[in-house]
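To keep things clear, I will list the structure first and then write my remarks on it.
The values are calculated or read from the model by the stated rules, or taken from the named source; none is laboratory data. Treat the numbers as computed from the prediction; the structure is a model and nothing was measured. In this analysis, Cβ positions are derived from the backbone assuming ideal geometry, glycine residues included, and neighbour counts consider all displayed protein chains.
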Amino acid sequence: MAQDEIKNDVIPAARAVAGPVRGAFLFDQDTTLRAAPGTGTAERWLRATLGAALGLPLPAVSPSGPPTAASAAVSAAVSSAPSAVGREPAANSVRLLLDDTLEPEAYRLRVTDRSVEIRGGAPAGVFWGAQTLRQLLGPDAFRRAPVRPGAAHAVPAQVIDDAPRFRWRGLMLDVARHFMPKDGVLRYLDLMAAHKLNVLHLHLTDDQGWRVEIKRYPKLTETGSWRSRTKVGHRASPLWEDKPHGGHYTQDDIREIVAYAAERHISVVPEIDVPGHSQAAIAAYPELGNTDVIDTTALTVWDNWGVNPNVLAPTDNTLRFYEGVFEELLDLFPANATGSTGFSEFFHIGGDECPKDQWRASSAAQARIRELGLADEDELQAWFVGHFDKWLAARGRRLIGWDEILEGGLADGAAVSSWRGYAGGIAAARAGHDVVMCPEQQVYLDHRQDAGADEPVPIGYVRTLEDVYRFEPVPPGLDADHAHHVLGAQANVWTEVMEDSARVDYQTFPRLAAFAEVAWSALPAPSQRDFADFERRMTTHYRRLDALGVAYRPPTGPHPWQRRPGILGRPIDGPPPAR
């Protein structure tokens, strides 16, 4: 059968799509689901999510036999001449198979008028193929219950061969500045899965709140998870919300989040920020602070934004305290949570924006510098990071931190989140460290989406949908010998001015869809990318987001209820710094 390149509205764009001139598969009440061993996550998701949306039972039927490399060759032949092969899948069925000729996250989705077949190199690949199938079924497939009961749902006949460009396709959610309840995190895991993102970086602690239960240190949540009031808007704003804000995840909440993510082939990377951004912890346990410089017993959880001067004291007591914190968290975030293709071995320790003024004024910190034979306070921070680098490595984990942790040197296994532009990522890769590219100037989704006066609480640079679409994760000028250290990319959502889930949605979408395509698809150079085609596909994708209830920013500008008149932001005029 002749094959022609065809267009569809899939986001992120697939690597190769071909199909016959006519024909479609119809999902109906008799459609069965045939799942081979190892494809259980996709099977459960298809039945629970897609089946519920379309009102279809998708009953299980045992597949005809185990997949082999030979069967993969048969599948390739079937994709071009299905009538010539005798192993055609059963009629009116969806068949899920593992195929060891494909890369772990790669999949082949084959639709004929008789059946649907999804092959993946590993369970994750089958799952990503199921996400593509959902998109081909139309926006109704993104609802929680059928809106057209009894209707047949057609998928055009085609063959899609697809695989991700990058292994790390991440989203960082800051739940410390404004707490996101557990159900909101689970919802974002579903949204990530729908966009083939596979790493949730969960920013759990900061000056404004500690968000995870630590049983041996109960005051971290009893005291550290609540602040008495909250600054409304940028820190220069005169406005306050004069009511307590807070909340935290119990350890069982965290176990649920990790298990829910693993079912969607998403790794959850926790972040516990040290030695800066730590006032919430010091408010709960004042002995963690520089007690010879300030009265730490007078500190409360911070109610403002910005870089806080109160940092951890570089003492053995502080080290032992955080070792205890990390010990409990390593059990909650197991290293094998998503299998061999995941990143659950990583543990993020922050390491950014640590002012050194208190250490300079502290006789205890200065004595520690002399004891360790260090040159200055910058080396003291490097010593602090290095301690936990070695501690985590001894337990089979990999430290990752913001690019400031490069200052002073890192152990071989540590990785870097490059946020201050491309420079940190380039330096890390050239030094042999793995890198996740998340430069503020390109993929900080708290930055405003337009220069218009109606943009709610404008922060930072204007980063439009097209700007994000033209982001390139591999830094220009990084040679091939070092470019392999770029694990991938991550979009960061800092929530100082996002007081609820609707504001998080507004800042995150639709730009996260553009980011997902950058991280997954094999796109050309930024200047050569077909943004017009992406916009065309987004007209369908907006309907999917509507069905999911995502309060995204419309392409024409904010709805009246999405504006925040009179709330001061922090816009930055002019273009971002050069890459």
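Below is a table of values for the structure above.
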quantity: Breaking point among (1) more than 23 Å from Ala280 (Cα to Cα); (2) in contact (Cβ under 8 Å) with a residue 40 or more places away in the chain; (3) of a type in the set (Val, Ile, Thr), for Ile369; calculated: (2)
quantity: When residues of the range 471-501 are limited to those that are aliphatic (A, V, I, L, M) and free of Cβ contacts under 8 Å to residues at least 40 places away in the same chain, the one farthest from Arg529 (Cα to Cα); calculated: Ala480
quantity: Condition met for Thr318 (touching a Leu at 6+ places or on another chain (Cβ under 6 Å) and under 26 Å from Gly396 (Cα atoms)); calculated: yes
quantity: The range 111-167, subset under 20 Å from the mean Cα position of the chain (by Cα) and assigned to a loop (DSSP other than H, G, I, E, B), residue farthest from Pro473 (Cα to Cα); calculated: Ala163
quantity: Residue in the range 282-300 that is assigned by TED's automatic domain parsing to the domain that holds Trp210, over 28 Å from Ser363 (Cα atoms) and crowded, with 17+ Cβ neighbours inside 10 Å present; calculated: no
quantity: Answer residue from the range 173-211, given it is β-branched (Val, Ile, Thr) and surrounded by 23 or more Cβ atoms within 10 Å (Cβ to Cβ) and is nearest to Phe346 (Cα to Cα) among those; calculated: Val199
quantity: Single residue of Val185, Val258, Val269 found to be under 30 Å from Ala382 (Cα atoms) and either at pLDDT 95 or above or in a strand (DSSP E or B) (or both); calculated: Val269
quantity: Subset of the range 23-43 (residues that are in a loop (DSSP other than H, G, I, E, B) and closer than 11 Å to Leu98 by Cα); calculated: Ala36, Pro37, Gly38, Thr39
quantity: Selection from the range 476-494 of residues that are buried (at least 22 other Cβ atoms within 10 Å of the Cβ) and over 15 Å from the mean Cα position of the chain (by Cα); calculated: Val486
quantity: Those residues of the range 446-461 which are closer than 16 Å to Leu512 by Cα, in contact (Cβ under 8 Å) with a residue 60 or more places away in the chain and in contact with a Phe, Trp or Tyr (Cβ under 8 Å, 6 or more places away or on another chain), in sequence order; calculated: Asp446, Arg448
quantity: Options Gly424, Gly413: the member that is of a type outside the set (Lys, Arg) and buried (at least 22 other Cβ atoms within 10 Å of the Cβ); calculated: Gly424
quantity: Subset of the range 118-151 (residues that are over 23 Å from His541 (Cα atoms), free of Cβ contacts under 8 Å to residues at least 60 places away in the same chain and buried (at least 24 other Cβ atoms within 10 Å of the Cβ)); calculated: Arg119
quantity: Criterion (out of contact with any Leu (no Cβ under 6 Å at 6 or more places or on another chain), hydrophobic (A, V, I, L, M, F, W, C) and within 23 Å of Ala48 (Cβ to Cβ)) met by exactly one of Ala145, Ala152; calculated: Ala145
quantity: Pairs, first in the same structural domain as Pro139 (by TED's automatic domain parsing) in the range 540-551, second crowded, with 18+ Cβ neighbours inside 10 Å, C-beta under 6 Å, six or more apart; calculated: none
quantity: Selection from the range 535-570 of residues that are part of a helix (DSSP H, G or I), under 25 Å from the mean Cα position of the chain (by Cα) and closer than 30 Å to Ala236 by Cα; calculated: Gln562
quantity: Check on Ile400, touching a His at 6+ places or on another chain (Cβ under 9 Å), touching a residue at least 12 places away in the same chain (Cβ under 8 Å) and not polar (S, T, N, Q); calculated: yes
quantity: Filter result for the condition that a residue is touching a residue at least 12 places away in the same chain (Cβ under 8 Å), over 26 Å from Gly401 (Cβ atoms) and either surrounded by 15 or more Cβ atoms within 10 Å (Cβ to Cβ) or assigned by TED's automatic domain parsing to the domain that holds Pro355 (or both), over Leu312, Leu239; calculated: Leu239
quantity: Yes/no for Ala176 being outside any helix (DSSP H, G or I) and at pLDDT below 95; calculated: no
quantity: Tally, over the range 212-222, of residues that are in a helix (DSSP H, G or I) and either buried (at least 24 other Cβ atoms within 10 Å of the Cβ) or of a type outside the set (D, E, K, R) (or both); calculated: 2
quantity: Selection count, the range 435-451, where residues are of a type in the set (Asp, Glu) and surrounded by fewer than 21 Cβ atoms within 10 Å (Cβ to Cβ); calculated: 2
